[in-house]
Every structure is written in C-alpha cells, then in structure tokens.
Amino acid sequence: MIYLFLCILACCSFGFFFKFYERFGINTFLAITINYITAGAVGLLVNSHVIFSLNILDQPWFGYSLLIGVLFVAIFYLIARSTQIIGLSATQIVNRMSLVIPVAFSVYLYGDSMSYLKAIGMVLALAAVYFTFKKKSETKAKFNLKLTVLPILIFLSGGFLDTLFKYVQEYYIKDDHMIAFITVLTCTAGITGLLINMAKSAKIPVRLDKKTLLGGVMLGIVNFCSLVLFFKALLHFQSSVVFSVNNIGIVTLSAIGGHFIFKEKLSLTNWGGVIIGAVSIVLITFN
C-alpha cells in the first residue's frame, strides 16, 4: 500500500509544480522537456549496470517504450490545448474519468475481481472526479459539437496509455528491466519534446533560464520516482485498484492541497466530491 500512497503524493506534486511555474514565469513546456531528460538521466545513474549490459534494441518492450514516450508528450499537448479552449475543470474531469478504460481491460484481460462494493466504489470515484472539479463559471458555457473533439481525444488517449502501460508491465517487463524501460521511455519523451522546442524556436526563440532549468530538474526527479512507484504498485495490487485509487487519490489530494496552499476556492459541491472520493477509496481498497 505504501507504493500506491507515495505514487499519489508524487503525482499530486505535478499540479503544484505547474502552479509554481505559472507564478514564477517558467516556460512550462520547456520545463517539462527538461523534466523528461532529467528522469532519463536519473534512470541511467541508478541502474546503469543493468541498462548497459542489456541489448536494448532486442528487448520485447523497446518499441512500447518509444511509443509511450511519444504519447506522454502528445497527451500533454492535448491537455494544455484543451485547458485553453474548454477550461481546466472540464479537462481534468475528462482526463481522470479515462480510468474506466484501463479498469475495464483489467477485469477482462487479467481477471481482476469485481464485487458489488468495488463496483460501487468505482462509480463513486467517477462521481467524485466530476464534483471535485465542477465549477459554476463553466456550467453556463454553450454546447459546441466542435469542442467535443479534444475531450474525446484526451479521454481515449489517456485510457489507452494506462491500458498499454499495464499490458507491457504484465507481459514484457521483468523486474530487473523496470528501470531500463522507464529510462528509455523518459529519454524518448525528452528527445521528442526537445525536437518540438527546436522547431518552435526556429519561429520564436525559446530562452532557457536558471529557474526553468531548476524547475524542470526538480520535476524530473519526482517524475522518475512516481513512475517507479506506479510500477511497484501494479506488481502488488490488482491494476483495477491501482488505476482507480491513484486517479481519485490525486484528484482528492490535489483539491485539498490547492485549497490550503494556493488558496483556491472550493464550493460545497467540490468538498462533496472530496468526501465521495475518500469513501470510494475505502470501498475499492478495503473490500
């Protein structure tokens, strides 16, 4: 249980990093690129003896690590764009509700148990996501069919990524290859982000300053730890439990942290979502 709890804490910190990026004028995408490069470098440092002894190109997980690395960057772009167009709350709701996809596959492919209490807990988890992020200012927006494309892409791509993550971990990765896999995928994400930044800088110069470098390095260390902890959690718990509790735990703690650290206002509806989230975690994990 400690792996899952620490993973939730690490993932919660991502949102806080982004808040501080905004506050201190840090280039978010450049910092995220540095974060992935840093995570890859950490992987090389802590497990170089295994990584360099492997014939990486011949490993069955190598192609998947490249795909997931590119998807990391692509989904970040989608989330950033969606946040600008349809708002932060709506984007977060769609992103976190994508947990239904890996949970469904976990039950179907890996035989995860599904009792009545666990099913109720997962339904409550979805309700908690909605109510925790629901904002009054965004409920009056007019429906526009064109604006449904981005949320649908985020929902499907996020769910696909989590499902693929579990599939690779289940069938292709040995315990001693875990960090090598994480290292390759984070390096791939870093290189992809670097190429995008280089293309963007050809039109508009991108400046790397000390605070952006520091912010990216700090996030990269935490990000590497979160990926290791997530893999460890998948090894010790049913994946349907990991995906559900991880997502709703991030939502709940992020809302509470945002309220007390950044003075973000939470309505009664939002607090209701937090409480529902706590109940859903109890039902899912202790059933």
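Which value in deg cm²/dmol, rounded to the nearest 500, describes the helix-derived mean residue ellipticity at 222 nm for the chain, given -39,500 (n - 2.57) per DSSP H run of n ≥ 4 and division by the residue count?
On the way: 11 runs with 227 residues, N = 287.
The helix-only estimate for the chain comes to -27500 deg cm²/dmol at 222 nm.
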For this session: Give the cross-link partners of Lys265 among the aspartates and glutamates, using a straight C-alpha distance below 15 Å as the criterion and excluding same-chain residues fewer than 8 apart.
Result: Glu138
For this session: Just list whichever of Lys19/Lys134; Lys174/Lys200; Lys19/Lys200; Lys19/Lys210 have alpha carbons separated by over 28 Å in the model shown.
Result: Lys174/Lys200
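What order do you get for Lys211, Lys166, Lys232, Lys174 when you list them from fewest to most C-beta neighbours inside 10 Å? Write out the running numbers ahead of the final one.
Values: Lys211 15, Lys166 21, Lys232 18, Lys174 11.
In order of increasing Cβ crowding within 10 Å: Lys174, Lys211, Lys232, Lys166.
Compare the peptides 107-119, 31-43 by average per-residue count of other Cβ atoms within 10 angstrom and give them in order, highest first. If you can, show how the numbers build up before the last one.
Numbers: 107-119: 13.6, 31-43: 24.2.
The most tightly packed comes first, giving 31-43, 107-119.
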Exercise. Picking from Val184, Ser113, Phe72, whose Cα lies most toward the positive end of the charge dipole for the chain (charges on Cβ: Lys, Arg +1; Asp, Glu -1)?
Worked result: Phe72
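Bear in mind that the values in this text are calculations on the coordinates, not laboratory data. Here the structure is a predicted model, which is why all the values come from computation and not from measurement. For neighbour counting, all protein chains shown are included, and Cβ atoms are generated from backbone atoms with ideal geometry for every residue, glycine included.
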